[in-house]
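Read the structure below first, then the notes.
The values are calculated or read from the model by the stated rules, or taken from the named source; none is laboratory data. What you are looking at is a predicted structure, and each value in this text was computed from that prediction instead of being measured. Neighbour counts are summed over all protein chains in view; Cβ atoms, including those assigned to glycine, are modelled from backbone coordinates with ideal geometry. Just so you know, the surface numbers come from the protein's heavy atoms only, side chains and all, with ligands and any DNA or RNA stripped out. Shrake-Rupley method; radii C 1.70, N 1.55, O 1.52, S 1.80 Å.
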Amino acid sequence: MKLKKILAFASLSLLAAGSSAQTAEAGKNECPANAPYLGAEALKAAGFELPVFKRYCYTDKSGSYALLLGEKQDRPFHSEQLSSTLQAALYKVDGDKVLTRQWAIRDFAGKDDGGINFRSKLIELSDIDGDGLVDPILVYRFYPLVDTDSISTDDFSGGIKIVTFHRGRKATIHAITGDLDGDRKTTANSNYFALPKVARQHLVRKMAAMYKAGQFGFDNSYDFVPKREVSGR
């Protein structure tokens, strides 16, 4: 049965150097707008191709980093600004402000999707397992077409991905939803099952909280624990 949608905001966490993770609003964790090392030319040289949607900066025991989110934003709808393609990349910021890419992802809308976008209010930058290293969590959603001019934003429609990087390894949860219990499925790749238990539990709690807040209709058949996918993503 669908839950009544409510307005909910997830906080973005930032790990300060030498300290535990602290909660803060996303806007307060954005990189300085005038940082020259994050200018258009610098990002082009660093290989970031799409228009930058968000810039987040953080520091942990291994150094200082900039997390960039990019969206093509070529599929505008009345209810959402969507894209055919999105991109994210994490760069280490060296002492001389040189960007060194640590990892990157790129994903695409499917043939039945109106488009995709990042859910920036659900992004987390925190040290989940207490090892002194930030474990970025990205969330982006796939919106199905209703007709050529409209999409469905209902929390029981479309799909969503939660991508976590733990020590540089990409753990992906992929969920699809629907009006009927049999339409809903949540799977994860092998890297998810290799995460520390505390990290897996954190992600399950995150999905449960999103479900309760009406942000996405996950399969709750197994208390939101994803099943192992057949092949890696």
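Only residues that are open to solvent by less than 20 Å² (accessible area, probe 1.4 Å) and not in a loop (DSSP other than H, G, I, E, B) were counted across the stretch 104-123, and they come to 7. Scanning the stretch 71-102 for residues that are touching a residue at least 40 places away in the same chain (Cβ under 8 Å) and within 14 Å of the chain's Cα centre (by Cα) gives E71, L86, A88, A89, L90. Tell me, yes or no, whether the stretch 140-148 has at least one residue that is crowded, with 16+ Cβ neighbours inside 10 Å and at pLDDT below 95. No, the conditions are met nowhere in the stretch 140-148. Restricting the search to strands (runs of 3 or more DSSP E) fully inside the stretch 1-92 and requiring at least 2 residues that are open to solvent by 70 Å² or more (accessible area, probe 1.4 Å), modelled with pLDDT under 95 and among the hydroxyl-bearing types (S, T, Y) gives an empty result.
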